[in-house]
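See below for the structure under consideration.
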């Protein structure tokens with residue numbers, strides 16, 4: 001190892017340092033954990049190189065060729081999909097659920113270490129899409145994983161609804177004289193454009209919350225998944241949305257384009273969001289609002305269409321960059337990433353106003369904020385209880401077996417009720433309770 005931390009570093013160049021950090025003894029060379037971790041990260045490397053058969057990701061299993069063409073796996077070759085495929089491989093090897101989770105945990109620990117050390121930008125192994133193929137038996141009851149409950153959906157949707165209403169009230173309160181309309185140097189016009197952008201931001205938050213709360217979509221199916229530059233993993237576009245059919249076309253986990261449902265609660269927020277700023281249907285539904293990225297995008301776009309520096313400055317002073325991009329028909333800005341969406345959800349959940357309401361309700365939550373995958377699990381909870389496992393599986397684009405494993409706590413409770421009812425007919429002590 002050279003000590004240089006880069007995505008071009010070969011992954012096995014870091015194994016010794018990782019194992020030393022995790023090992024026991026003065027030199028970090030002892031301990032059962034070190035031994036087990038060494039075995040598992042080397043198994044991961046061999047799988048990446050195609051040196052193991054893989055019945056989950058290749059048919060026949062012997063045809064698995066790995067994730068690289070050569071004999072070196074670099075950090076640049078890793079992304080969420082790699083760890084998702086590896087989780088699927090481990091689950092197909094005939095091991096118990098606990099063993100699969102233990103093996104994966106060693107690899108995930110190394111991945112987290114590599115992220116903390118600066119070799120990779122994110123902890124890919126612990127992202128929800130990567131962990132999705134893992135068995136649910138992780139030492140907790142399946143129902144203990146975060147799943148949005150009705151109170152969570154009500155609280156967060158009411159909060160974003162109120163913010164949208166306040167933003168439109170502020171927008172409507174600004175009256176621009178006819179002579180100032182479109183004048184980028186008019187202070188009143190500038191204030192109107194800032195308020196319009198504020199309304200756009202609030203509508204984007206609202207639409208995001210409603211999609212997570214009611215559609216059951218995976219984050220990577222409608223947002224941008226960095227490092228996965230395949231078509232379909234860079235955020236849904238407005239052309240993918242059909243309000244007439246209440247559907248959206250997404251690239252599913254099965255790597256197929258499929259129609260997903262947009263339940264009625266989602267339609268209103270999405271339509272309002274679409275109307276607040278008229279953009280081409282090639283634009284992402286959820287755009288980034290990262291200021292430096294938008295500033296660079298707009299400055300380059302305006303220069304491309306022939307504006308001089310002075311004109312570019314004048315235009316950009318008159319309105320926020322996203323509005324400028326839309327009104328000057330510039331290319332689409334970057335889409336919102338899954339990490340960006342998580343930051344939005346965390347910011348909303350920890351907002352002072354919402355925090356006060358949570359305290360009043362003494363509301364509990366498994367986690368620090370409402371997670372994207374928690375919204376999906378919450379949808380699954382409702383559908384399983386109302387329509388059964390088969391219907392929930394179709395809606396969630398999962399196998400019925402996976403859904404039964406994920407929501408087996410529901411079936412256990414139903415069996416308990418059934419047994420109680422049966423005993424109440426035969427045992428006096430039960431019937432008297």
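The values are calculated or read from the model by the stated rules, or taken from the named source; none is laboratory data. Everything quoted here is computed from the prediction, not taken from an experiment. Heads up, the Cβs are rebuilt from the backbone with ideal geometry, glycines too, and the neighbour counts pull from every protein chain shown.
Selection of region 44-63 for residues being buried (at least 21 other Cβ atoms within 10 Å of the Cβ) and at pLDDT 95 or above yields 44, 47, 48.
Can you list the helices (runs of 4 or more DSSP H) found entirely within region 231-324 that contain at least 1 residues being touching a strand residue (DSSP E or B) at 6+ places or on another chain (Cβ under 9 Å) and within 21 Å of residue 190 (Cβ to Cβ)?
291-304
In the condition set (1) closer than 19 Å to residue 127 by Cα; (2) modelled with pLDDT of 95 or more, residue 223 is compliant with all but (2).
All of (1) buried (at least 17 other Cβ atoms within 10 Å of the Cβ); (2) part of a helix (DSSP H, G or I) hold for residue 216 with one exception: (2). Does residue 377 satisfy the condition of being under 19 Å from the mean Cα position of the chain (by Cα), touching a residue at least 12 places away in the same chain (Cβ under 8 Å), closer than 21 Å to residue 128 by Cβ and surrounded by fewer than 20 Cβ atoms within 10 Å (Cβ to Cβ)? No; evaluated as a whole, the condition is false for this residue. Within region 16-43, the set of residues being out of contact with any helix residue (DSSP H, G or I) (no Cβ under 6 Å at 6 or more places or on another chain) and at pLDDT 90 or above comprises 16, 17, 39, 42, 43. Could you go through region 124-142 and let me know if any residue there is modelled with pLDDT of 90 or more, over 28 Å from residue 104 (Cβ atoms) and crowded, with 17+ Cβ neighbours inside 10 Å. Within region 124-142 (the criterion being modelled with pLDDT of 90 or more, over 28 Å from residue 104 (Cβ atoms) and crowded, with 17+ Cβ neighbours inside 10 Å), the answer is no, since none of the residues qualifies.
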